[in-house]
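Report on the structure given below.
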Amino acid sequence: MKKKTAKQAVKTDNNPISGNLIGDIRRLIETARHNVAVTVNASLTILYWQIGNRIRQDILKEKRAEYGEEILPTLSAKLVPEFGNGFGIRNLSRMIRFAEVFPEEKIVSTLLRQLSWSHFVEIIPLKDDLQRNFYAEMCRLERWSVRTLRKKINGMLYERTAISKKPEKLIEKDLAALREEDRLTPDLVFRDPYFLEFLGLKDTFSEKDLESSILREMESFILELGVGFSFVARQKRITVDNEDYYLDLLFFHRKLKRLIAIELKLGKFKAAYKGQMELYLRWLEKYEKEPGEETPLGLILCAGKASEQIELLQLDKSGIKIAEYMTELPKRELLEQKLHKAVELARKRLEAGV
């Protein structure tokens, strides 16, 4: 006797309903519930912005900063009994800050397609406008959860991304292109350093160990690289003049529409690495690049960097990025010092035309 599968209709005298019918109805209900939740969240977030904006107008009208501190307890005392704890002093302060740092309702409305009020609560306290806009736009584009957003902020993603090392006007230009056209630039994609603590490597390891660990933890590695990376190959054979070379890792980035070649190095960066990567990139451009794709880019991951060599070699002009990797997470204070110093030096070089 042939057995019925779970997908087959189940009809008896007592139960004439098919499994497909009940499954479809469940999906419709779940989708509707999700849509209602999204709509309610968007309406609440816009409401919070409008309340913050209205209070802010009153504060600005009075021309006294202390006026805001005076009216919040009164407002809260009147609103909480009628509308609940969501309108306490702390949340009202957040609403005012929300309207201050995102002064245009149109931009808030666009972000609401992906960001919840809980997302904004994480972004609002950030002190720098460019930093806030970076996290808001990347969160929208890459659909981060609140937990992921918090992790990115705590891991200082903005400071690790190449864009943070550019002059402010250029950062604003890149973020405007991201906001208006969903256009990612390489400076928004690549970062330095990369955190590879999830590999669990001990103090001494080889390049093969590093590569094997990355392949074993590919999902985590791609999460650290960023959304848009797709794995293509390991130890990609490249033959030039009957001589074989092997590229460690090859990826494709869907948003950048280009191949990304990655080389792993144990020690500090050496000038000789440039020629090797250039060879790989030109070969990929000649033999692997498809019509409509952009020129391949290279990323050399090293345990340390030689700043002056990198500066003199003008690697960006060759489409090559250099970055450190860390197999252990540094202390927050040390990371802040390191990244702030790197950002400051990079901006000075760019402004001086070096």
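The values are calculated or read from the model by the stated rules, or taken from the named source; none is laboratory data. Quick caveat, the model's predicted, so the values are computed rather than measured. Please note: Cβ atoms are built from the backbone with ideal geometry, for glycine as well, and neighbour counts cover all protein chains shown.
Quick check on segment 301-336: of everything there that is part of a helix (DSSP H, G or I) and among the hydrophobic types (A, V, I, L, M, F, W, C), which residue is nearest to residue 265 (Cα to Cα)?
Among them, the one singled out is 310.
Every residue, every condition in (1) at pLDDT below 90; (2) assigned to a helix (DSSP H, G or I); (3) surrounded by fewer than 21 Cβ atoms within 10 Å (Cβ to Cβ), yes or no:
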{"position": "97", "(1), (2), (3)": "no, yes, yes"}
{"position": "110", "(1), (2), (3)": "yes, yes, yes"}
{"position": "133", "(1), (2), (3)": "no, yes, no"}
{"position": "144", "(1), (2), (3)": "no, no, yes"}
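Report, by residue number, each residue of segment 181-209 that is among the hydroxyl-bearing types (Ser, Thr, Tyr) and either assigned to a loop (DSSP other than H, G, I, E, B) or crowded, with 20+ Cβ neighbours inside 10 Å (or both).
185, 204, 206 - these are the residues of segment 181-209 that are among the hydroxyl-bearing types (Ser, Thr, Tyr) and either assigned to a loop (DSSP other than H, G, I, E, B) or crowded, with 20+ Cβ neighbours inside 10 Å (or both).
For the subset of segment 304-319 comprising residues that are under 26 Å from the mean Cα position of the chain (by Cα) and of a type in the set (S, T, N, Q), which member is modelled with the highest pLDDT?
Only one residue fits best here, namely 318.
Considering 214, 163, 222, which residue is closer than 24 Å to residue 258 by Cβ and either assigned to a loop (DSSP other than H, G, I, E, B) or more than 16 Å from the chain's Cα centre (by Cα) (or both)?
The unique qualifying residue is 214.
From the list 215, 250, 256, 264, which residue is within 30 Å of residue 135 (Cα to Cα) and either of a type in the set (S, T, N, Q) or in contact with a Pro (Cβ under 8 Å, 6 or more places away or on another chain) (or both)?
So the residue among 215, 250, 256, 264 that is within 30 Å of residue 135 (Cα to Cα) and either of a type in the set (S, T, N, Q) or in contact with a Pro (Cβ under 8 Å, 6 or more places away or on another chain) (or both) is 256.
Can you tell me which condition residue 144 does not meet? The list is (1) aromatic (Phe, Trp, Tyr); (2) free of Cβ contacts under 8 Å to residues at least 40 places away in the same chain; (3) touching a helix residue (DSSP H, G or I) at 6+ places or on another chain (Cβ under 6 Å), and all the others hold.
In the conditions (1) aromatic (Phe, Trp, Tyr); (2) free of Cβ contacts under 8 Å to residues at least 40 places away in the same chain; (3) touching a helix residue (DSSP H, G or I) at 6+ places or on another chain (Cβ under 6 Å), residue 144 misses (3) alone.
What single numbered condition from (1) modelled with pLDDT under 90; (2) outside any loop (DSSP other than H, G, I, E, B) fails to hold for residue 138?
Of (1) modelled with pLDDT under 90; (2) outside any loop (DSSP other than H, G, I, E, B), only one is false for residue 138: (1).
State the number of residues belonging to segment 185-233 that are among the aliphatic types (A, V, I, L, M) and touching a Gly at 6+ places or on another chain (Cβ under 7 Å).
The qualifying residues number 1.
Under the condition of being in contact with a helix residue (DSSP H, G or I) (Cβ under 9 Å, 6 or more places away or on another chain) and modelled with pLDDT of 75 or more, which residue from segment 324-350 is surrounded by the most Cβ atoms within 10 Å (Cβ to Cβ)?
Going through the qualifying residues, I end up with 325.
Suppose we keep only residues that are charged (D, E, K, R), in a helix (DSSP H, G or I) and free of Cβ contacts under 8 Å to residues at least 24 places away in the same chain within segment 246-300. Which one would you say is surrounded by the fewest Cβ atoms within 10 Å (Cβ to Cβ)?
286
Would a scan of segment 231-242 turn up a residue that is out of contact with any helix residue (DSSP H, G or I) (no Cβ under 9 Å at 6 or more places or on another chain), aliphatic (A, V, I, L, M) and farther than 20 Å from residue 143 by Cα?
Taking every residue of segment 231-242 in turn, at least one turns out to be out of contact with any helix residue (DSSP H, G or I) (no Cβ under 9 Å at 6 or more places or on another chain), aliphatic (A, V, I, L, M) and farther than 20 Å from residue 143 by Cα.
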